[in-house]
Amino acid sequence: MTGQSSGVAEHRDSMVHRGFLYRDEEEVVSVGVPFLRAGLEADDAVAVVASKSNINALRDALGQDASSVQFEDALHWYQHPVRTIAAYHAYVEAEKPRRARLVAEPVWQGRTPLEVLEWARYESIVNAAFSDSGARVICCYDEQALPPQILDYARQTHPEMIDGHGPRTSEEYTAPGPFIATCDRRPLPRAPRLAETMPINTADLDSLRVFTTERAGRHGLTGDALRDMVAAVAEVATTAARHGRAPAALRIWTDNGDLVSEISGPGHWYPDALWGFTPPADAEPAFGLWGVRMLCDVVQMQTDTDGTVIRLRTRI
């Protein structure tokens, strides 16, 4: 294994996002250490966000150079896809004009199938969110521990993969837009018949907030989680009324330990599959779907000939 560049082109302002399927700590060290030291020599902002075992292996192998590298436990960093994007965005901005260089290791163990899909979506979104950041990133995947589906996601969401000959173009790579469209291809199951329903009237958002507060509270949502859900529902309802058509409706129910709030109605009222995954530009609304995604555990969006559905999910 080698961490050196091959014939794959690199550009100072373009992000380089590589996937790395490793078998043991020795391979992590053989790829990670030259990569990290190259960053130190280039005066990059160098960091490792990985499992504790891989952090320890890299720190030991780096020796005195480890003091110039920031180390973060992946379990603390990878708790929520959009919040993780926000954290990396803040890191990249804070380190400018230095270029960010990271060895990263997303956490896949213990995820539900829906959460796995959202983290695969995250890996794809990174290519768009940081496309012009100049960042250099190697994402590590434990080939021995992770199921084939997640390893397939690695190949589909990283433009380049690292193997025994160095980095190579991933033949399976899919650009973020088409990849996310594939994630959302399967229709959402219909809301249960017992879901509590309220028509959306933006002239009376107070009643919508009261309805959401009462129903969510009855299902066990409390504190900040309850306030976040009420704010997210009000924001999406406003978007539905502003950009969609009547009649729009709010439905609330529980599903496998999640509180689900669904806003649906005729019309197509979100612009593209990447909407809300990256921090808004100065000219965009300060809250919007970016804020909604930050407040909820999972946001599902689909649109078809019948209209648009947005589901907000929060663990109870």
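The values are calculated or read from the model by the stated rules, or taken from the named source; none is laboratory data. Because the structure is a prediction, the values reported are computed rather than measured. Note that each Cβ is placed from the backbone with ideal geometry, even for glycine, and that neighbours are counted across all protein chains shown. Quick note on the areas: whole protein, heavy atoms, side chains included, nothing else; ligands and nucleic acids left out. Shrake-Rupley method; radii C 1.70, N 1.55, O 1.52, S 1.80 Å.
Consider the stretch 182-196. How many of its residues are within 17 Å of Thr308 (Cβ to Cβ) and surrounded by 13 or more Cβ atoms within 10 Å (Cβ to Cβ)?
4
Given (1) open to solvent by less than 70 Å² (accessible area, probe 1.4 Å); (2) at pLDDT 95 or above; (3) part of a helix (DSSP H, G or I), where does Arg227 come up short, assuming only one miss?
In the conditions (1) open to solvent by less than 70 Å² (accessible area, probe 1.4 Å); (2) at pLDDT 95 or above; (3) part of a helix (DSSP H, G or I), Arg227 misses (1) alone.
How do the pairs read when you match residues in the stretch 128-153 that are touching a residue at least 60 places away in the same chain (Cβ under 8 Å) and assigned by the TED database to the domain that holds Leu114 with residues anywhere that are in a strand (DSSP E or B) and charged (D, E, K, R), using Cβ under 8 Å and keeping only pairs 6 or more apart or on different chains?
Ala135/Arg101; Arg136/Arg101; Val137/Arg18; Val137/Arg101; Ile138/Arg18; Cys139/Arg18
Which of the residues belonging to the stretch 123-156 are out of contact with any strand residue (DSSP E or B) (no Cβ under 6 Å at 6 or more places or on another chain), within 16 Å of Ser14 (Cα to Cα) and assigned to a loop (DSSP other than H, G, I, E, B)?
Phe130, Ser131, Asp132, Ser133, Gly134
What number of residues within the stretch 70-106 are surrounded by 15 or more Cβ atoms within 10 Å (Cβ to Cβ), touching a residue at least 40 places away in the same chain (Cβ under 8 Å), under 25 Å from Ser14 (Cα atoms) and within 22 Å of the chain's Cα centre (by Cα)?
17
Residues Ile138, Ile150: which one is β-branched (Val, Ile, Thr) and under 29 Å from Gly257 (Cα atoms)?
Values: Ile138 fails: under 29 Å from Gly257 (Cα atoms).
The unique qualifying residue is Ile150.
Scan Ala281, Ala273 and give me the residue that is assigned to a loop (DSSP other than H, G, I, E, B), open to solvent by 40 Å² or more (accessible area, probe 1.4 Å) and modelled with pLDDT under 75.
Of Ala281, Ala273, the one residue that is assigned to a loop (DSSP other than H, G, I, E, B), open to solvent by 40 Å² or more (accessible area, probe 1.4 Å) and modelled with pLDDT under 75 is Ala281.
Please specify each residue of the stretch 251-264 satisfying the condition of being farther than 23 Å from Arg111 by Cβ and either in a loop (DSSP other than H, G, I, E, B) or open to solvent by 10 Å² or more (accessible area, probe 1.4 Å) (or both).
Step one: list which residues in the stretch 251-264 are farther than 23 Å from Arg111 by Cβ, which gives 251-252, 263-264.
Listed by number, the residues that qualify are Arg251, Ser264.
Would you mind stating whether Ser67 is open to solvent by 10 Å² or more (accessible area, probe 1.4 Å), of a type outside the set (D, E, K, R) and within 24 Å of Asp142 (Cβ to Cβ)?
When the stated conditions are applied, Ser67 does not pass them.
Tell me yes or no: at least one residue of the stretch 199-214 is within 28 Å of Arg111 (Cβ to Cβ), surrounded by fewer than 20 Cβ atoms within 10 Å (Cβ to Cβ) and either in contact (Cβ under 8 Å) with a residue 12 or more places away in the chain or not acidic (Asp, Glu) (or both). If you could, list the steps in order and put the result at the bottom.
Here is the first cut: in the stretch 199-214, the residues within 28 Å of Arg111 (Cβ to Cβ) are 212.
With the extra rule that they be surrounded by fewer than 20 Cβ atoms within 10 Å (Cβ to Cβ), the set shrinks to none.
Taking every residue of the stretch 199-214 in turn, none turns out to be within 28 Å of Arg111 (Cβ to Cβ), surrounded by fewer than 20 Cβ atoms within 10 Å (Cβ to Cβ) and either in contact (Cβ under 8 Å) with a residue 12 or more places away in the chain or not acidic (Asp, Glu) (or both).
Would you mind stating whether Ala120 is within 19 Å of Ala50 (Cα to Cα), open to solvent by less than 20 Å² (accessible area, probe 1.4 Å), assigned to a helix (DSSP H, G or I) and touching a Leu at 6+ places or on another chain (Cβ under 7 Å)?
No: the conditions fail for Ala120.
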